[in-house]
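The values are calculated or read from the model by the stated rules, or taken from the named source; none is laboratory data. Everything quoted here is computed from the prediction, not taken from an experiment. Because the Cβ atoms are built from the backbone with ideal geometry, glycine has one as well, and the counts that use them run over all protein chains shown. For accessibility, only protein heavy atoms count, side chains too; no ligands or nucleic acids. Shrake-Rupley method; radii C 1.70, N 1.55, O 1.52, S 1.80 Å.
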Amino acid sequence: MSIIRAATGADAPAVDGLLRACFPRDEEARLVQQLAIDGDLVLVLVAEDAGAVVGMIAASRMQVTADAREVAAVAIAPLAVAKAARGQGVGEALVAAAIAHLRSARVELAFVLGDPAYYGRFGFEAATARGFDSPYAGEYFLGIRLNDGPCVHTPGAAIHARAFAALGEDA
């Protein structure tokens, strides 16, 4: 059974190694490094099993406007689970823990670029993200309202942290 906890600086090498093992290219590992350097990470959680990091999820600051106001919003990316730990609920536990943490931090919206069938289980919907001006707009750009705040009627811009630009269109 994995323990979900906030990452510490001591976890950085394990998180980097996990990202490099889970993705076919090193852009995700570099993304997390750059988000940390830029001060744009707002949350990094790890799943630990028997003292080893077997999963991680990150959330970073976004600039989002809706109804002509700034909205407290984050991008959730990346989510990674070690191959040996897949199918055991680690990813689900990380996403659920991230959502709970972001709600308690009074974040209004979270966006993710991912499989609607997977993220839909947590309440992410394309309809929530639809209309926001983003280079990631499309069927895999999903959003979730995290708190009861002013209802978003007119989506504006959803700008990811600068580090995402290095991912290009392959994100």
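Figures for the structure shown
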read-out: Under the Karplus curve 6.51 cos²θ - 1.76 cosθ + 1.60, θ = phi - 60°, whole-Hz ³J(HN,Hα) for region 51-68, x wherever Gly or Pro sits; value: x, 10, 6, 10, x, 7, 9, 10, 9, 10, 4, 10, 9, 10, 10, 7, 6, 6
read-out: Helix-only [θ]222 nm of the chain, DSSP H runs n ≥ 4, -39500 (n - 2.57) each, per residue, nearest 500; value: -7500 deg cm²/dmol
read-out: Apportionment of accessible area to carbon and sulfur, the chain, percent (1.4 Å); value: 55
read-out: For the chain, with +1 on Lys and Arg beta carbons and -1 on Asp and Glu, the positive-most of 75, 141, 91 along the dipole; value: 91
read-out: All Cα pairs of region 1-100, percent lying beyond 17 Å; value: 50
read-out: Principal axis dimensions, the chain - Cα atoms, whole angstrom, descending; value: 47, 30, 27
read-out: Rounded to the nearest 20 debye, dipole of region 64-130 from Cβ charges on Lys, Arg, Asp, Glu; value: 200
read-out: Per-selection metrics, region 46-92 (Cα): Rg and Dmax in Å; value: 15.3, 48
read-out: Calculated on alpha-carbon atoms, Rg and Dmax of region 1-43 in Å; value: 11.0, 33
read-out: Rounded to the nearest 20 debye, dipole of region 22-171 from Cβ charges on Lys, Arg, Asp, Glu; value: 220
read-out: Karplus-derived HN-Hα couplings along region 27-38 (A = 6.51, B = -1.76, C = 1.60, θ = phi - 60°), whole Hz, x at Gly and Pro; value: 4, 5, 5, 5, 4, 4, 4, 5, 4, 5, 4, 6
read-out: Farthest positive-ward along the chain dipole, Cα basis, beta-carbon charges - from 129, 101, 157; value: 101
read-out: Region 22-74, relative contact order [Cα under 8 Å, separation at least 6], %; value: 24
read-out: Accessible area per residue, Å², region 9-155 with all protein chains present, probe 1.4 Å; value: 47
